[in-house]
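The values are calculated or read from the model by the stated rules, or taken from the named source; none is laboratory data. These numbers were taken from a predicted model, which means no experiment stands behind them. We place every Cβ from the backbone using ideal geometry, glycine too, and count neighbours over all the protein chains shown. Only protein heavy atoms, including side chains, enter the accessible area calculation; ligands, DNA and RNA are left aside. Shrake-Rupley method; radii C 1.70, N 1.55, O 1.52, S 1.80 Å.
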Amino acid sequence: MPTFKLSTAFTQEDLNRFYASGSNIVVAKPNAGGMPNVAWLVYRPLLGNTVTWEEQYGIYASNVDIINGAQLTQMSKSEFPALDNKSYPLTAAGFFGPPSTGGSPGSYTAVNQYDNLPKGYLTFGLFQDAVVDGTPALGNAVSAAPVIYNSTAVMTPFTTVYLWVQSQVVSNTVVTNVTSPMTEVMFGGPVTEVSLMYDASSGKFITAPGKTMAEKAPLRHHLPSLA
């Protein structure tokens, strides 16, 4: 499995502004190929920061609704790492059973067999471990979607990450109200390490100067999303 590394740099003036405003750095991944809806990692920035992770995932189920700010507590989770191209049942007893055939290559599949009627649905998603500035961040969700009783969720992970600056957001929570520009960083293929710096004039992250082509991932920038 590939290992990815994201380095971010800030100035002392940036850190003073973040401290005064209570702002932190949010790292997220696409949800179903679209914009993120989960704050995977949130960290307090230093002058230099490093986040590393491997492309390994687990599947979780939660009874929490997908509402901005909701903590994605896991009522059950699969083995870690889970196997792609397999199907994991969330059984009537409330735990994930062993995987069976019926999945899709490159995706993770779960079947909701847990009867919580009359509500009749749960939140399913993928979770992924990381290390932030040397401290493990284990089991945080990277995606979230509602799945009704007796239905199947097919979850495809992406190596792209998003990062932005925001206050009052914590790791492993739903975030649909994004208040600053998001920088989309396209990892994958030869791009396994990316070094960025914060540009206070735009509120975006840009490629740090003096980096090799392998460290210059394609970047896209997105406006805030106050959904």
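Per-structure values
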| quantity | calculated |
| --- | --- |
| Relative contact order [Cα under 8 Å, 6+ residues apart], region 100-188, whole percent | 29 percent |
| Gain on full stretching of the segment that runs from L83 to L138 - 0.36 nm per residue minus C-alpha separation | 18.0 nm |
| Share, in percent, of DSSP beta bridges within the chain that are antiparallel, nearest 5 | 85 percent |
| Heavy atoms of E54: accessible area, 1.4 Å probe, square angstrom to 10 | 90 Å² |
| Charge dipole (debye, nearest 20) of the chain; +1 at Cβ of Lys and Arg, -1 at Cβ of Asp and Glu | 220 debye |
| If the convex hull is drawn through the Cα atoms of the chain, its volume per residue in Å³ | 114 Å³ |
| Spatially close lysines, pair count over the chain: Cα under 20 Å, gap of eight or more or interchain | 9 |
| Difference of contour (0.36 nm per residue) and Cα-Cα distance, D115 to E13 | 31.4 nm |
| Label point distance in nm, A200-Q168, each placed 7 Å from Cα along Cα→Cβ | 2.4 nm |
| When region 43-154 is reduced to its Cα atoms, the Kirkwood hydrodynamic radius in Å | 14.8 Å |
| Amide H partners (placed H, <5 Å) of K86, local residues excluded | G103, S104, T109 |
| Accessible-area composition of region 55-152, carbon plus sulfur, in percent [1.4 Å probe] | 55 percent |
| Label-point gap, in nm, between S107 and M75 - each point 7 angstrom along Cα→Cβ | 2.4 nm |
| Relative contact order, percent, region 11-128 [alpha-carbon distance under 8 Å, six or more residues apart] | 21 percent |
| Förster radius 25 Å - calculated FRET efficiency between L219 and E54, Cβ distance, rounded to 0.05 | 0.65 |
| Whole-number accessible area per residue in Å² for region 1-160, which is evaluated in the context of all protein chains at 1.4 Å | 45 Å² |
| Additional length obtainable on full extension of the chain from K5 to M35, 0.36 nm per residue less Cα span | 8.7 nm |
